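To keep things clear, I will list the structure first and then write my remarks on it.
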Amino acid sequence: MILPLVILYTVTLVYLSITERFRNFASIMGLQGWLLFAVAVLRLHAVDPAELTFVAIETLLFKGILVPALLFAVIRRTKINRVRTSGSSQAGSLLLSLLALVVSASVTYYIADATVDLVFFGVALYALLSGLILIVMRRRIFSHMVGFLTIENGVFLFSTAIGVEMPLLINFAILLDILISVLMLGIFFTKIDGKIHADDADALTNVKD
Amino acid sequence: MLYYLLLATAVASAVFAARSRRQIFIAGVLFYLVQALFAAHVLCGGACDPLSAQWFAFDASAILFYVLLCIVSCYAFVHSEAYLADCDLGQVRTYSALLMLLTTAIAGAYFADNLAVTWIFLEATTLCSAGIVYHRRTAATLEAAWKYVFVCSTGIAMAYLGILLLAAATKCESLAYADVAAAAPAGSPLYLKTAFLLILCGYSCKVELFPLYTVGVDANFAAPSPASALISTGLVNAGFLAVLRVYKTLAQTDVFPWVRAVLLLVGVLSLVIGALFLRRTNNYKRFLSYSTVENMGIAAIGLGIGGAGVWAAVFHVVCHTLVKSSLFFQMAVVRQVYNGYRINRLGDYIRINRIGAIGLLAGMVTLLAFPPSPLFVSELMILREVIAVHKWWLVAVMTLLLCIVIYSFCSRMIRLCYQPNQDELHPSKADRALSWSALSLLIAALVLGMWQPDFLCRIIDQIAAL
């Protein structure tokens, strides 16, 4: 049951590279949140029930509801709907994303080690690369934030792979969630656009040499 | 340790409720009293309470860097009083509380004896630093704060992935450094290498090393100068200590030569960036920040070379803390005089504030590692070690880059002190007491250059032992 969910999660990462509408970005983040919630519940059924409940509620609340809601709120507030200035074409982004997928699969195949769940490792690596590609290739600040959330979701997915033995690690991943949700989205939602225009990362070039 | 953290956090949080500057000052005195008591406790060999012993340890590195942190933070608090004279109460309250919380978070990172606990406290420093960076509430400070939060969060997430990989590779139930170090030799080399790479990349935003050094520079530029002194030394040391602990954790594994090679590469790249940007920047605070990148690059080269290089790297970081904080405090006085940091506009400082100018020039000579600078000792040791392993290319690169650094520093600092003002600046009066106070840190560093006390050598021996 977990494998189809992880494959679906991988598909969302591929889709993220070709979509240009910010509403789609927010929807994908929401979908990833729900997928991670399902993976966490299925994967961590062996851990302490109280711990599992906490992890499940936190994942659903932050990743499945709060983060997408904040993203939609930002879209409404800033009235930015799509990627206007992209560093590359959709085809180019897709190619890069697929290249990242091949690299992740190759690295996973190469290290083939029994100590780690390789599917989780490979997908987490792909999420990391996808997030970095999104940050580097897209110009708008909103895309950068989605790129970061993608990385963070990948890290959380990987933590569920190890968390069966060490549930404490998942709590640390949750701490990262809270930091991001509160601080990054908070700054973005309340401050940016008032002093800095949120429509282009070029607005973030005043502090430099 | 938990009591210390709770007490320090409580005092710092109480500042948010202060209704006058006097109350903030009293809370500050109370906060540093707590620090002094805790420092006395750890210096007298006090043990960690059983509850926190599983997460924290009072080892030599933590104690040494904590004492330095207390000194720099206390200076930063006192200098901030004068620096923030024109700010309203709300701003001073938030700034002072965040400065204390940042000090507490850094102390937590120093004493953490567990990979995950170190990570948590480094994450906490991001929260506190971001607030300090945004202190002025301008578009530039918001931009710097946003970049800081964004890049540090990305770095912290990468470091966390590295910690997960390390945990997976070692199959270690606990993430205590000693346990991971004991299990690491049996771990998969590729996992260990990937884990180290991710952790180093992630923490580079705190250590101000290549590749994520940029956010540290931006943060130092946007934050008030006394806070920059803390960020550029105390926080950088927290990152350095985190990297040093992972470095020591992997010391007994087969991948250790590779780890050292990576550190060498990162160190050289940081040195290149630091040296080149010292020529390019037109702002004194960014100038000092690039100097931090350069010095941390030298420390990374020391770790990469190994042997006596590790000792030299630790000694270099300790002395850099005193010298760099002194220069940032002097820079706070410069801002008080000129209300700005633009290199091409300021000058004639020697006539306006003689003691401040002497402090800057002496700081420059010390930072450039001319005898009797303590950095001369550490850089000479590192160079000797580089020559001993016949890495002649590295000797050539380091010599060339250090020459560029010397030229940049001399031209910029001499310009500030002796060049006539470029336009109709109306310098204000300088607070000489602050210049004297900043100079005292430099004098302490110079004393270390001429005489390294036995107890300090013993402590650094313990830290450098692999």
Residue that is surrounded by the fewest Cβ atoms within 10 Å (Cβ to Cβ), among those in region B:23-63 that are assigned to a helix (DSSP H, G or I) and of a type in the set (S, T, Y): B:Y32
Considering each residue of region B:358-374, count those that are in a helix (DSSP H, G or I) and surrounded by fewer than 24 Cβ atoms within 10 Å (Cβ to Cβ), and give that number. 5
Does A:F142 qualify as being within 18 Å of the chain's Cα centre (by Cα) and at pLDDT 75 or above? yes
Find all pairs meeting these conditions: Cβ atoms under 6 angstrom apart; at least six residues apart or on different chains; first residue within region B:82-103 and farther than 23 Å from B:T233 by Cα; second residue at pLDDT 95 or above. none
Check B:F65 against each of (1) touching a Gly at 6+ places or on another chain (Cβ under 9 Å); (2) within 14 Å of another protein chain (Cβ to nearest Cβ); (3) not aliphatic (A, V, I, L, M) and name the one condition it does not meet. (2)
Check B:Y66 against each of (1) crowded, with 17+ Cβ neighbours inside 10 Å; (2) at pLDDT below 95; (3) in a helix (DSSP H, G or I) and name the one condition it does not meet. (2)
Checklist (1) surrounded by fewer than 15 Cβ atoms within 10 Å (Cβ to Cβ); (2) within 19 Å of A:L149 (Cβ to Cβ); (3) without any contact (Cβ under 8 Å) to a residue 24 or more places away in the chain applied to A:A73, failing item: (3)
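Per-residue answers, yes or no, for (1) surrounded by fewer than 24 Cβ atoms within 10 Å (Cβ to Cβ); (2) more than 23 Å from B:A229 (Cβ to Cβ):
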residue: B:I301; (1), (2): no, yes
residue: B:L327; (1), (2): no, no
residue: B:N353; (1), (2): no, no
residue: B:S378; (1), (2): no, no
residue: B:L402; (1), (2): yes, yes
Note down all Cβ pairs under 8 Å where the first residue falls in region A:140-161 and is under 18 Å from A:V41 (Cα atoms), the second is at pLDDT below 90 and basic (K, R), and they're at least six residues apart or on different chains. A:N153/A:K63; A:F156/A:K63; A:T160/A:R43; A:A161/A:R43
Find the helices (runs of 4 or more DSSP H) located wholly in region A:1-103 whose residues include 2 or more that are under 17 Å from A:I135 (Cα atoms) and aromatic (F, W, Y), and list them. A:22-43
Regarding region B:194-203, can at least one residue be identified that is farther than 20 Å from B:F240 by Cβ, surrounded by fewer than 24 Cβ atoms within 10 Å (Cβ to Cβ) and within 26 Å of the chain's Cα centre (by Cα)? yes
Is it fair to say B:A299 is out of contact with any His (no Cβ under 8 Å at 6 or more places or on another chain), modelled with pLDDT of 95 or more and part of a helix (DSSP H, G or I)? no
Sort out which residues of region B:183-229 are under 30 Å from B:A438 (Cα atoms) and either among the small types (G, A, S) or in contact with a Cys (Cβ under 6 Å, 6 or more places away or on another chain) (or both), and write them in order of number. B:S204, B:C205, B:L212, B:V215, B:G216, B:A219, B:A222, B:A223, B:S225, B:A227, B:S228, B:A229
Residues to consider are B:L394, B:L400, B:L383; find the one that is within 23 Å of the chain's Cα centre (by Cα) and aliphatic (A, V, I, L, M). B:L383
Of the residues B:G340, B:G347, which is in contact with a Lys or Arg (Cβ under 8 Å, 6 or more places away or on another chain) and not in a helix (DSSP H, G or I)? B:G347
Given (1) over 23 Å from B:T366 (Cβ atoms); (2) assigned to a helix (DSSP H, G or I); (3) within 14 Å of chain A (Cβ to nearest Cβ), where does B:V266 come up short, assuming only one miss? (3)
Can you tell me which of A:L157, A:L134 is in a helix (DSSP H, G or I), modelled with pLDDT of 70 or more, closer than 18 Å to A:L61 by Cβ and more than 10 Å from chain B (Cβ to nearest Cβ)? A:L157
Filter region B:388-413 down to the residues that are among the hydrophobic types (A, V, I, L, M, F, W, C), part of a helix (DSSP H, G or I) and in contact (Cβ under 8 Å) with a residue 40 or more places away in the chain and list them by number. B:A388, B:L394, B:V397, B:M398, B:L401, B:L402, B:I404, B:V405, B:F409, B:C410, B:M413
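The values are calculated or read from the model by the stated rules, or taken from the named source; none is laboratory data. Here the structure is a predicted model, which is why all the values come from computation and not from measurement. Ideal geometry is used to build each Cβ from the backbone, glycine not excepted, and the neighbour counts take in all protein chains shown.
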